[in-house]
Amino acid sequence: MSETRDGQRYYDTGDTNIERDEHSDCERQLNEAEDKIIKLQSENARLKALLEHSKTQLEYDELQAEIAKLQLITGAIEENCWDLRCIDIPTGGGDSDIGWIVVEHNQAEPKERTIGRGKTPAEAIEQALKG
């Protein structure tokens, strides 16, 4: 139902009368807001995909660095004829911890020389690599 007052057309919406132009303006704003939401959702999806790709690339780069490090370690062990040995480190009262050493083999005395020590194999090998 509509009525005209002061040259304006009003629509009865139940509780309130609003101008037709205001109703159209609200619909236009609602449509614009819905369009913005769709664009933002699309941009959000694009950014999530980009972030996932970045994470994947970072993980790949980290794995490549780890592979290079392992190749350096195994190469040094092979080229230098090193042994990696675990040893007991007394802590007192009959207990001991495990430690690691890298032993280099030489023709001259002493034939076996410790060139790296650590709490883990990696620490011992890194110390040996530093020379």
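Derivation of every value follows stated rules applied to the coordinates shown; laboratory data play no part. Bear in mind the structure is a predicted one, so any value in this text is a computation, not a measurement. In this analysis, Cβ positions are derived from the backbone assuming ideal geometry, glycine residues included, and neighbour counts consider all displayed protein chains.
Run down the lysines and flag those whose C-alpha is under 22 Å from the C-alpha of Lys36, throwing out any fewer than 8 positions away in its chain.
Lys48
Rounded to two decimals, what is the ratio between the C-alpha radius of gyration of segment 81-131 and 2.2 N^0.38 Å?
1.23
At q = 0.16, 0.25 Å⁻¹, what log₁₀ I(q)/I(0) does a Debye calculation on the Cα points of segment 35-131 give, no solvent, two decimals?
-0.79, -1.18
Return the distance in nm (one decimal) between the two label points of a simple spin-label model at Leu72 and Ala108, each offset 7 Å from Cα along Cα→Cβ.
A separation of 2.8 nm, rounded to one decimal place.
Using a simple charge model, +1 on the beta-carbon of Lys and Arg, -1 on the beta-carbon of Asp and Glu, nothing else, what dipole does segment 81-131 show about its Cα centre, in debye to the nearest 20? Write out the running numbers ahead of the final one.
Details: 6 positive and 9 negative charges, 30 e Å.
In total the dipole reaches around 140 debye.
How far apart, in nanometres, would the label points at Glu27 and Ala45 be if each is projected 7 angstrom from Cα along the Cα-to-Cβ direction?
In this crude spin-label approximation the distance works out to 2.8 nm.
Please find the FRET efficiency linking Thr120 to Leu63, where r is the Cβ-Cβ separation and R0 is fixed at 35 Å, and quote it to the nearest 0.05. Before the final figure, lay out the partial values.
Details: r = 20 Å, r/R0 = 0.58.
It comes out at approximately 0.95.
Once you have the Cα-Cα distance between Ile38 and Ile89, take 0.36 nm times their residue separation minus that, and quote the gain in nm to one decimal.
Working: separation 51, 0.36 × 51 = 18.36 nm, distance 6.48 nm.
Additional length available on full extension: 11.9 nm.
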